[in-house]
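The values are calculated or read from the model by the stated rules, or taken from the named source; none is laboratory data. Predicted, not measured: the structure shown is a model, and the values here were computed from it. Cβ: placed from backbone, ideal geometry, glycine included. Neighbour counts: every protein chain shown. Only protein heavy atoms, including side chains, enter the accessible area calculation; ligands, DNA and RNA are left aside. Shrake-Rupley method; radii C 1.70, N 1.55, O 1.52, S 1.80 Å.
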Amino acid sequence: MKDKEKIAVFIDADNAPAAKIDIVLSELARHGVVNIRKAYGNWKNLNLKPWEDLLHDYAIQPIQQFDLTKGKNATDMALVIDVMDVLYTKDIDIICLVSSDCDFTPLVTRSLADGKYVIGFGERKAPKAFVNSCSRFLYLDEETKQELPIQKQTINIKSDTRLMNLLRQAIEAVEEDDGWAMLGPIGTHISNHASFDQRNYGFKKLSDLFMAIDLFEMKKTNGSVLWVRDKKKAKQLNK
């Protein structure tokens, strides 16, 4: 039996909501065991009081960084140094970064190059480059906390060209000759090539997302196996 993946969590307390720590840790519990938990900031700053109040309850180690120079973020530098130390000295499988403002993209790409799986958490103001570079990224904004009924979706996801291309490419990568592709391999392909997570669009399951987009058709075989096909591809095959 394979040991559970070992996870190190690094929190940019200046730019992450303390109220969402339960969401972060619950998600990470699906991936493995959190062995390292560190939060960075100037703990003399009253704005960090929400984080300070829960540090002990969640066994998070506070790392103090004074604001030595106005406009310079010593917190980010300290976080980066500690992640690099972990990469070189610890047996860790997954690096988790919790931040919304600072672009940790170079740190993510360096971690990926070292064979680590990188999970990011943050609000929608997080830099796109940072979001897209992670193996998986989950938004912590309030509206994404709950699954919304499909019929009440207000976001026109069909207009998201990047998402549509991602879904179509994933189907094409694993489809059979008739254009149909099993949902499981589609999800695996996406997770191996992008930081996509359907929950960021308000859907609990990938199948719900596909069903909400009328550009795709779905069918079920053997009672439970879900298949997806691009309607455009279906028309081409039927010509």
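Residues in segment 179-214, backbone N under 11 Å from the label point at residue 169 (7 Å along the Cα-to-beta-carbon vector): list them, ranges by number please.
Counting backbone N atoms under 11 Å from the label point, the list is 190, 193-195.
Where does the charge balance sit around residue 180 when Lys and Arg score +1, Asp and Glu -1, over other residues with C-beta under 11 Å from its C-beta?
-3
Please enumerate, by chain and number, the aspartates and glutamates with C-alpha under 13 Å from the C-alpha of residue 116, excluding those fewer than 8 residues away in the same chain.
Answer for residue 116, where 13 Å is the Cα cut-off: 5, 91, 93, listed by chain and number.
Cβ neighbours within 10 Å, averaged per peptide: list 90-96, 160-166, 8-14 in order, most packed at the top.
8-14, 90-96, 160-166
Between residue 54 and residue 113, what is 0.36 nm times their sequence separation minus the Cα-Cα distance? Round to one decimal in nm.
Full extension of this stretch gives 17.9 nm more.
Any chance you could look up the accessible area of residue 89 with a 1.4 Å probe, heavy atoms only, rounded to 10 Å²?
Around 100 Å² of this residue is reachable by solvent.
Using per-residue counts of other Cβ atoms within 10 Å, averaged over each peptide, order 42-51, 174-183 from highest down. Each step should come with its number before you reach the end.
Working: 42-51: 14.1, 174-183: 16.1.
Ranked by mean Cβ neighbours within 10 Å, highest first: 174-183, 42-51.
Please work out the average accessible area per residue across the chain, using the 1.4 Å probe convention, and give it in Å².
Numbers: 13190 Å² over 239 residues.
Per residue, the chain has an accessible area of 55 Å².
Just to make sure I understand: if all protein chains stay in place, what is the order of 172, 5 by accessible area at 1.4 Å, largest first? All intermediate terms of the calculation are to be shown ahead of the outcome.
Details: 172 125, 5 60 Å².
If we order 172, 5 from most to least accessible, we get 172, 5.
So what's the net charge close to residue 207: Lys and Arg +1, Asp and Glu -1, counting the other residues with Cβ under 12 Å from its Cβ?
+3
Using only DSSP helix segments of four residues or longer, with each worth -39500 (n - 2.57), what per-residue ellipticity at 222 nm results for the chain after dividing by its residue count and rounding to 500?
Numbers: 9 runs with 84 residues, N = 239.
That comes out to -10000 deg cm²/dmol.
Find out how many positive minus negative residues lie around residue 218, taking Lys and Arg as positive, Asp and Glu as negative, among other residues whose Cβ is under 13 Å from that of residue 218.
+1
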